[in-house]
Amino acid sequence: MHDENLAVMKILFIGGTVFLGRALVDEALRRGHEVTLFNRGRAGPTPSGAEAVQGDRGDEAALRALAEGRTWDCVIDTCGFEPRVVQRSVRALTGHVDVYAFVSSFHAYSDRKISSPVRRS
């Protein structure tokens, strides 16, 4: 249900089919936003109403092809497991998005040493 008082945003999600990404996509669609998902197409189905663009964020050519001739109001990145890969995505999308939002509970501080609570034997 779209609120007529709010502007429709064009939102690119990197990932977006499972966990937090899926919840954010579902809410964006519910609010009437235009949603594009960029992912490998392996983790989960694309929600009805969203555009799916299949590709690997680790592939610079795939990122360039995604961005070519397109713009979004924002990108929401919920699946950046390596800081260098996130940086590559930011560079590839510069000039194509107004805001890049990276959501992470672990890699937000790439220079911080965090020991794993799981011990392997």
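Couple of notes before you dig in:
- Subset of segment 1-57 [hydroxyl-bearing (Ser, Thr, Tyr) and under 12 Å from the mean Cα position of the chain (by Cα)]: THR17, THR36
- Output for segment 85-102, where each listed residue is part of a helix (DSSP H, G or I), touching a Phe, Trp or Tyr at 6+ places or on another chain (Cβ under 9 Å) and open to solvent by 30 Å² or more (accessible area, probe 1.4 Å): VAL90
- Residue selected from segment 64-80 under the condition more than 12 Å from the chain's Cα centre (by Cα) and of a type outside the set (Gly, Ala, Ser), by the criterion modelled with the lowest pLDDT: ARG64
- Residues that are of a type in the set (A, V, I, L, M), in contact with a helix residue (DSSP H, G or I) (Cβ under 6 Å, 6 or more places away or on another chain) and at pLDDT below 95 are absent from segment 42-57.
- Counted residues, segment 14-60 - those being of a type in the set (Lys, Arg) and closer than 15 Å to ASP77 by Cα: 3
- Members of segment 17-46 found to be touching a His at 6+ places or on another chain (Cβ under 7 Å) and either open to solvent by less than 70 Å² (accessible area, probe 1.4 Å) or of a type in the set (Ser, Thr, Tyr) (or both), listed by number: GLY32
- Search result, residues across segment 75-84 that are surrounded by fewer than 17 Cβ atoms within 10 Å (Cβ to Cβ) and in contact (Cβ under 8 Å) with a residue 12 or more places away in the chain: PHE81, GLU82, PRO83
- Residue that is out of contact with any Phe, Trp or Tyr (no Cβ under 7 Å at 6 or more places or on another chain) and either of a type in the set (Ser, Thr, Tyr) or in contact (Cβ under 8 Å) with a residue 24 or more places away in the chain (or both), where the choices are ALA65, ALA50, ALA61: ALA50
- If only residues of segment 50-74 that are assigned to a loop (DSSP other than H, G, I, E, B) and of a type in the set (Lys, Arg) are counted, the one that is surrounded by the most Cβ atoms within 10 Å (Cβ to Cβ) is ARG57.
The values are calculated or read from the model by the stated rules, or taken from the named source; none is laboratory data. Everything quoted here is computed from the prediction, not taken from an experiment. Glycine also receives a Cβ, built like all others from the backbone with ideal geometry; neighbour counts cover every protein chain displayed. Calculation scope for accessible area: heavy atoms of the full protein, side chains included, ligands and nucleic acids excluded. Shrake-Rupley method; radii C 1.70, N 1.55, O 1.52, S 1.80 Å.
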